[in-house]
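I have placed the structure first, in the form of structure tokens, so that the comments after it can refer back to it.
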């Protein structure tokens, strides 16, 4: 089956999907995006993702391209046409196409792109069972990491460094020696005193939707939680390190910069939170009553 993309009101084969050469997302990274998990044909935590999309658009003063109901319908149809059962949906909104000038154009219409794909969840689960490696990299991103911007070159450089080191993720380190987050994830540690720690929300990190769900699940389970900075040294001395994201859920880090974390295997806290999040994902698909793709209905 050929894959289908949504571009500015049309569903079309990937080979024909394109945006204008002067789209500001292409020339200026003047746009935002969301990646949303799909479970059993339904989007997980869709409302949280759309709330964050609205915030990012407002921060960049990009007009909302359509109503929320229309956007939900576009995403549902993109999932249906690609027959995605378990996977992810990528949604991108840019300021649109206009003559290449730095100042905002007055009459540009936002460009909207949506794509969806299946993900091998068995591979992800296998990674979680054995744990993965991470490396540290300097955080060289811009000063508004709380906006989910398409300007991802620093993150791509960090991810490439991780790949070349045989690692799953790069943990980004600020000038004070503290870990901000991963190149495409939020970072967590479990201290020797069994305190779950993640960095507090600020302009230095993205407010992850999975991060928010994990925090709620952890508190519901009675875990001690602190939202504060933590250093590379504290992470390397921790009982557990893990990252969270839409596609990773909760992924244990068992090697950091070539050194074992804790006992060198996935920790009990990360493992339990991953299981709790999997249950959450199965029950937190949101949208209108006809959200589930017809090919999945009994």
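The values are calculated or read from the model by the stated rules, or taken from the named source; none is laboratory data. Since the structure is predicted, the reported quantities are computational estimates derived from the model, not experimental observations. Heads up, the Cβs are rebuilt from the backbone with ideal geometry, glycines too, and the neighbour counts pull from every protein chain shown.
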Could you grab me the full set of residues in segment 75-91 that are in contact with a helix residue (DSSP H, G or I) (Cβ under 9 Å, 6 or more places away or on another chain), buried (at least 21 other Cβ atoms within 10 Å of the Cβ) and more than 30 Å from residue 272 (Cβ to Cβ)?
75, 91
Answer yes if at least one residue in segment 152-165 is touching a helix residue (DSSP H, G or I) at 6+ places or on another chain (Cβ under 7 Å), over 15 Å from residue 261 (Cβ atoms) and outside any helix (DSSP H, G or I), and no otherwise.
no
For segment 126-143, which residues satisfy the criterion of being in contact with a helix residue (DSSP H, G or I) (Cβ under 9 Å, 6 or more places away or on another chain) and not in a strand (DSSP E or B)?
128, 129, 131, 139, 140, 141, 142
Listed residues 254, 197, 243; which is under 16 Å from the mean Cα position of the chain (by Cα), assigned to a strand (DSSP E or B), surrounded by 15 or more Cβ atoms within 10 Å (Cβ to Cβ) and on the phi < 0 side of the Ramachandran plot?
243
Among the candidates 146, 120, single out the residue that is within 19 Å of the chain's Cα centre (by Cα) and surrounded by fewer than 17 Cβ atoms within 10 Å (Cβ to Cβ).
120
Applying the selection to segment 200-216, what residues are surrounded by 19 or more Cβ atoms within 10 Å (Cβ to Cβ) and either over 15 Å from the mean Cα position of the chain (by Cα) or farther than 24 Å from residue 32 by Cα (or both)?
204, 215
Check whether at least one residue in segment 26-42 is crowded, with 21+ Cβ neighbours inside 10 Å, in contact with a helix residue (DSSP H, G or I) (Cβ under 6 Å, 6 or more places away or on another chain) and part of a loop (DSSP other than H, G, I, E, B), and report yes or no.
yes
Looking for whichever is in contact with a strand residue (DSSP E or B) (Cβ under 6 Å, 6 or more places away or on another chain), surrounded by 21 or more Cβ atoms within 10 Å (Cβ to Cβ) and modelled with pLDDT of 95 or more here; the options are 261, 225, 173. Which one fits?
261
Scanning segment 217-239 for residues that are in a loop (DSSP other than H, G, I, E, B) and more than 29 Å from residue 38 (Cβ to Cβ) gives 222, 228, 229, 230, 237, 238, 239
Yes or no: segment 101-114 includes at least one residue that is closer than 26 Å to residue 79 by Cβ, under 16 Å from the mean Cα position of the chain (by Cα) and surrounded by 14 or more Cβ atoms within 10 Å (Cβ to Cβ).
yes
When residue 64 is evaluated against the numbered criteria (1) surrounded by fewer than 19 Cβ atoms within 10 Å (Cβ to Cβ); (2) in contact with a helix residue (DSSP H, G or I) (Cβ under 8 Å, 6 or more places away or on another chain); (3) in a helix (DSSP H, G or I), which criterion, by number, is the only one it fails?
(3)
Run down 162, 114, 134 and say which single residue is touching a residue at least 12 places away in the same chain (Cβ under 8 Å), touching a strand residue (DSSP E or B) at 6+ places or on another chain (Cβ under 6 Å) and not assigned by TED's automatic domain parsing to the domain that holds residue 204.
114
